[in-house]
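> Starting off with a structure, shown below.
The values are calculated or read from the model by the stated rules, or taken from the named source; none is laboratory data. Model, not experiment: these values are computed from the prediction. Here the Cβ positions follow ideal geometry from the backbone for every residue, glycine too, while neighbour counts run over all protein chains shown. Ligands, DNA and RNA are excluded from the accessible area calculation, which covers all protein heavy atoms including side chains. Shrake-Rupley method; radii C 1.70, N 1.55, O 1.52, S 1.80 Å.
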Amino acid sequence: KSLSNANNSIGVFAHSIKSDARYLGFTKLAEIAYQHEMEGKANNIYFVIYPANRGGFGIKTIPKSVDDKSSRLEIPLEWAGKSGEELEEASNIKGLSFCHIGRFIISTKTLESAVLAVEEMIKRVNN
């Protein structure tokens with residue numbers, strides 16, 4: 001199981017464009033971005049990394065399907081509900097800020113820490 005760079009880029013940018021376009025009132029652009037995001041999600045995409053409105057980046061899990069909202073690849077249980085130094089220690093990744101108890105979203109300080117977290121989660125599945 002791996003992420004294709006092209007599909008990953010499409011998913012990341014489409015999610016970001018969709019959010020910004022909706023906020024700015026560009027409805028048609030938001031619809032197009034949504035279509036691209038869904039196409040990207042259909043091709044072995046497990047996470048979307050996106051610029052967060054409050055600074056830093058977010059990592060969001062992708063549901064298995066429209067009907068099955070469970071994540072295609074889950075965030076590790078030992079990261080759930082942790083933040084700050086506690087999360088950095090549990091993950092062994094500097095720059096992680098917060099992991100939701102439901103394990104569907106992570107906040108990071110930098111893009112680099114977001115990429116490291118996604119790589120770590122995929123590595124765990126491949127081992």
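> Return the pairs, sorted by first residue and then second, in which the second residue is assigned to a helix (DSSP H, G or I) and at pLDDT below 85, the first residue lies in region 63-78 and is closer than 27 Å to Asn92 by Cβ, the beta carbons are less than 8 Å apart, and the residues are 6+ apart or on different chains.
Qualifying pairs under 8 Å: Leu73/Val125; Pro76/Arg124.
> Right, something else. Quick one: how many residues across region 78-99 are open to solvent by 20 Å² or more (accessible area, probe 1.4 Å) and either modelled with pLDDT under 95 or of a type in the set (Ser, Thr, Tyr) (or both)?
Residues flagged as open to solvent by 20 Å² or more (accessible area, probe 1.4 Å) and either modelled with pLDDT under 95 or of a type in the set (Ser, Thr, Tyr) (or both) within region 78-99 amount to 2.
> Filter region 52-70 down to the residues that are of a type in the set (Ser, Thr, Tyr) and either open to solvent by 100 Å² or more (accessible area, probe 1.4 Å) or over 16 Å from Ala117 (Cα atoms) (or both) and list them by number.
Result: Ser65, Ser70.
> Shifting gears a bit: Would you confirm whether any residue within region 44-62 is modelled with pLDDT under 75, in contact with a Leu (Cβ under 9 Å, 6 or more places away or on another chain) and not charged (D, E, K, R)?
yes
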